[in-house]
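Below is one structure, written out as structure tokens; the observations come after it.
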Amino acid sequence: MEKYEHKYGAEQIQVLEGLEPVRKRPGMYIGSTSVRGLHHLVYEIVDNGVDEALAGYCTEINVVIEKGNIIKVKDNGRGIPIEKHPKTGLSTVETVYTVLHAGGKFGGDSGYKVAGGLHGVGASVVNALSEWTEVTVKRDGGIYKIRFERGKTVGTLERIGDSNETGTEVRFLADSQIFETTDYNFDTLETRFREIAFLTKGLRITIEDQREEEPKKSDFCFEGGLISFVEFLNKNKEKINEKPIYIEKNGDVPVEIAIQYTTAYSENIHSFANNINTVEGGTHLEGFKRSLTKVFNDYARSHNILKEKDQNLQGEDIREGITAVISVKVKEAQFEGQTKTKLGNSEVSGVVMSMMNEALSAFLEENPAVAKAILEKCMSASRAREAARKARELVRRKSALETTTLPGKLADCSSKVAEECEVYIVEGDSAGGSAKQGRDRRYQAILPLWGKMLNVEKARADKIYGNDKLNPVIIAIGAGIGNDFDITKIRYGKVIIMADADVDGAHIRTLLLTFFFRYMRPLIENGNVFLAQPPLYKLSKKGMDDVYCYTDDDLDKAYKNLEEKGISRDQLGLQRYKGLGEMNPEQLWETTMNPETRILVKVTMEDAIKADEIFTILMGDEVEPRREFIENNAKFVKNLDV
Ligand code: 1YM
């Protein structure tokens, strides 16, 4: 490819190459061919509709998951242009779907593209990676249709009818030769579309799942935009300012910010650039944080809340209990970082800072009661931070004296190479005992926990350091917590939570995850946290190897499988495991700990919003949503991305 570069320039080469490179190396274009990449196909198509909405021509996008995992996306915009494209000689719609990176380049003066999926590659990539794609355009009084198979045009664009409406409808079937799975997760899509609807004030997005007998449907449209977003994030929390603070400026870099403080202790800031969730932050977030710190300190000083000259509130004091969403639109956005979710454009930091300095200080002057309530909270956070620092010093001094003292309950492994080591955090003493005997002690460590855990949503850092349940976890992992957490110091590459498959198990799992989410977040971001999956059933028969089943579905399949081999149900013994404690060390090893046979679910941050919502419901002050949630706790593991 490189040898042509000088001759033709990148654009021509893409035209010449068509879509073959996409099918050869799909990961380069959509990140991966896992379920995550699969969902990206839908986002790419929907983003074209969102762009049309941002350009002011589209008010509604409808997404349907049809039977057989066919996706249909429809919008009521202008319709993709159909006239002959000067460069390719094909219709524009065919060009958009068959030429790599065609996108907005062909569309004339629609301005900058601001939507765009994580990799911003557009419709042609979706087409290349689909068994078939059909695009129907209503425009100029007609209905036009074109079909593709594995990226290749079948026939040509045809006029199939008349219509006075305008819009675009795309149906496609992801290619099972390319993707590990073609089974869409309704919750994942629903969460992303809710997010897009929050970020695009007034745009209606609907999603319907027609795969089951009873179709599911959600309908999102938020006139309040980001204000609705923070209200949604805080719906189970106690608010300090009832009405979110809202700041908007539509300059060269449009910026939109909504802020609402709650009585919680955590910091909950979500940033977006061009509708992409910048999980790793970036320059917009830096500008926001710097301005927040400056404006509140200035206000506190000028209103005599900070009395001593050298006294200052730290950024973290001012961010305690904050829920904020920042959304910027950047023309040539640069995305950096491991997952390409960190905004790099340096000019954005100053833009966000100066507009926010002005707007936020004006807001505080105009709303003294709100300013006072927030600052009281900041001052108390500042005092707590002092107390926490002292407590931490104490722990540090203690651990300096006791040097390598690991928790007494920890059965450590012999290897000291973190990458190959794992720690199982096990609920209960008897399960802990079996795990200790069953493990491979070269690289598997066991830390039993028991009793009720401290609820970290309700506790400040000073309490956590002193807590006798969490301290062993902190010391065993060995990398500190909060701002001091240092991922390079972790003693185990895998931190595996092993709890029963019942409500109590779900509770302890959630508590630990809350703790990791709040105080060791890089551990989740870095993919070091796992959930062990103990089996629910064992089928046994004399002379036959035991068969373990991890779900009810598994059990059905196993019965069928064995029946085919001539073994009927009544010949089989069925044991239902109520807890880890019922398994002997060999069984626990075989089913749950042996890397060759076990199932581990990786906990990821893909959906920090959902995680935060779950944690808040489970741990927050409101009892009713918690009760409801625990009743459906089976959903919990499903909601975490596997
Ligand atoms: C369900 C997917 O693709 N809608 C859509 C796409 C386009 C337009 C309108 C559009 C854009 C422009 C002018 C422009 C696209 N057009 C192009 C291209 N929905 C969906 N709706 N007229 C219509 O950008 O100027 C690419 S996407 F390149 F042909 F203009």
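Worth a mention:
- Packing order of peptides 45-53, 306-314, highest average first: 45-53, 306-314 (average count of other Cβ atoms within 10 Å over each peptide's residues).
- Taken along the Cα-to-beta-carbon direction at a fixed 7 Å, the label points for K416 and D162 span 8.4 nm.
- The length gained by stretching the chain between K372 and K565 to full extension, at 0.36 nm per residue less their Cα-Cα distance, is 62.1 nm.
- For the range 203-335, the orientation-averaged shadow of the C-alpha convex hull comes to 11.3 nm² (one quarter of the hull surface).
- Where labels lie 7 Å past Cα in the beta-carbon direction, separation of D298 and D546 in nm: 6.8 nm
- Computed from backbone phi, the HN-Hα couplings of the range 245-259 come to 6, 10, 10, 9, 8, 9, x, 4, 10, x, 10, 9, 9, 10, 9 Hz, rounded to whole numbers (Karplus: 6.51 cos²θ - 1.76 cosθ + 1.60, θ = phi - 60°; Gly and Pro given as x).
- Calculated FRET efficiency, D187 to A387, Cβ-Cβ distance, R0 = 60 Å: about 0.90 to the nearest 0.05.
- Under 22 Å from K602, Cα to Cα: lysines that are on another chain or at least 8 residues apart: K340, K489, K494, K610, K635, K638
- Additional length obtainable on full extension of the chain from L406 to D556, 0.36 nm per residue less Cα span: 49.5 nm
- Estimated inter-spin distance, V154 and Q314, nm [label 7 Å along Cα→Cβ]: 6.3 nm
- Extended-chain gain in nm, criterion 0.36 nm per residue less alpha-carbon gap, K235 and I269: 10.7 nm
- For N584, net neighbour charge (Lys/Arg +1, Asp/Glu -1) across residues whose Cβ lies under 14 Å away: -1
- A cut-off under 10 angstrom between Cβ atoms defines the neighbours of E420, and their net charge, with Lys, Arg +1 and Asp, Glu -1, is +1.
- Net charge contributed by nearby residues that have their C-beta within less than 12 Å of D140 (K/R +1, D/E -1): +1
- Lys pairs under 21 Å by Cα in the range 163-249, provided they are eight or more residues apart or on distinct chains: 5
- Ranking I205, F186, F172 by how far each Cα lies toward the positive end of the dipole of the range 154-250 (charges on Cβ) leaves I205 at the top.
- Less than 5 angstrom separates the built amide H of L203 from those of F222, all sequence-distant by 5 or more or on a different chain.
- Eligible lysines near K342 by straight Cα distance, threshold 19 Å, same-chain separation 8 or greater: K113, K289, K329, K331
No lab work stands behind these numbers, since they all come straight from the coordinates. The model shown is predicted, which means the values in this text are computed figures rather than measured ones. Note that each Cβ is placed from the backbone with ideal geometry, even for glycine, and that neighbours are counted across all protein chains shown.
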